[in-house]
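Q: One structure, as structure tokens, below. Some questions next.
The values are calculated or read from the model by the stated rules, or taken from the named source; none is laboratory data. If you're wondering where the values come from, they're calculated on a predicted model, not measured in any experiment. FYI the Cβ positions are ideal-geometry reconstructions off the backbone, even for glycines, and counts take in every protein chain you see.
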Amino acid sequence: MKNFVVKTIANAAALAVAVWLIDKITLTGDSTGKEIGTLILVALLFGVVNFLVKPLVQLLSLPLLILTLGLFTLVVNALMLLLTSWLADVFDLSFHVEGFWTAVLGGLVVSVVSWALNVVLPDGD
């Protein structure tokens, strides 16, 4: 349970960095508290997408991953971020990613920041 909370906080922080760095990734809210709540809900949604959908997409795209020496992972990460944005719209959360190339850049930022935070933060073992 502690590991889940740490990973969710790391995802929320990584998404916050992406929102801060990239103009076309937006998170809107009436107040800072509402934005933080929305960010945590989006991080939970992103975690569910990465847990359920990403392994299936990676398995189906395995030939492309091998052919591109793993660079296709950037496309998979972008698709997961776009799916999270779409689901956020479905659940009426104010998180939006505008366009595929924005999602590629955002996926790269989220991956690097999540990795760095997961290295620094305790893992609950």
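Q: Could you tell me which residue of region 75-98 is farthest from Asp23 (Cα to Cα), considering only residues that are small (Gly, Ala, Ser) and either modelled with pLDDT of 95 or more or surrounded by 20 or more Cβ atoms within 10 Å (Cβ to Cβ) (or both)?
A: Checking each candidate, the answer is Ala88.
Q: Can you tell me which residue among Ile25, Ile40 is touching a strand residue (DSSP E or B) at 6+ places or on another chain (Cβ under 6 Å) and not acidic (Asp, Glu)?
A: Unique residue meeting the criteria: Ile25.
Q: With the requirement that a residue be surrounded by 14 or more Cβ atoms within 10 Å (Cβ to Cβ) and assigned to a helix (DSSP H, G or I), what does region 14-25 give you?
A: Ala14, Leu15, Ala16, Val17, Ala18, Val19
Q: Also: Grab the helices (runs of 4 or more DSSP H) fully contained in region 26-125, keeping just those with 2 or more residues being touching a Leu at 6+ places or on another chain (Cβ under 6 Å).
A: It comes to 32-52, 72-90, 100-120.
Q: Those residues that are among the hydrophobic types (A, V, I, L, M, F, W, C) and either in contact with a Cys (Cβ under 6 Å, 6 or more places away or on another chain) or within 14 Å of Thr38 (Cα to Cα) (or both), I need them from region 62-99; list them, please.
A: Those that are among the hydrophobic types (A, V, I, L, M, F, W, C) and either in contact with a Cys (Cβ under 6 Å, 6 or more places away or on another chain) or within 14 Å of Thr38 (Cα to Cα) (or both): Leu87, Ala88, Val90, Phe91, Leu93, Phe95.
Q: Return yes or no: is Asn11 of a type outside the set (A, V, I, L, M, F, W, C), assigned to a helix (DSSP H, G or I), surrounded by 14 or more Cβ atoms within 10 Å (Cβ to Cβ) and touching a Gly at 6+ places or on another chain (Cβ under 6 Å)?
A: yes
Q: Report the residue count in region 73-125 for those that are within 15 Å of the chain's Cα centre (by Cα), under 18 Å from Ala10 (Cβ atoms) and not hydrophobic (A, V, I, L, M, F, W, C).
A: Summing the residues that are within 15 Å of the chain's Cα centre (by Cα), under 18 Å from Ala10 (Cβ atoms) and not hydrophobic (A, V, I, L, M, F, W, C) in region 73-125 gives 7.
Q: Just need a number here: residues in region 31-45 that are exposed (fewer than 13 other Cβ atoms within 10 Å of the Cβ) and of a type in the set (Ser, Thr, Tyr).
A: Final tally of qualifying residues: 2.
Q: Identify, from the list Phe4, Phe72, the residue that is of a type in the set (Phe, Trp, Tyr) and either at pLDDT 95 or above or buried (at least 16 other Cβ atoms within 10 Å of the Cβ) (or both).
A: So the residue among Phe4, Phe72 that is of a type in the set (Phe, Trp, Tyr) and either at pLDDT 95 or above or buried (at least 16 other Cβ atoms within 10 Å of the Cβ) (or both) is Phe72.
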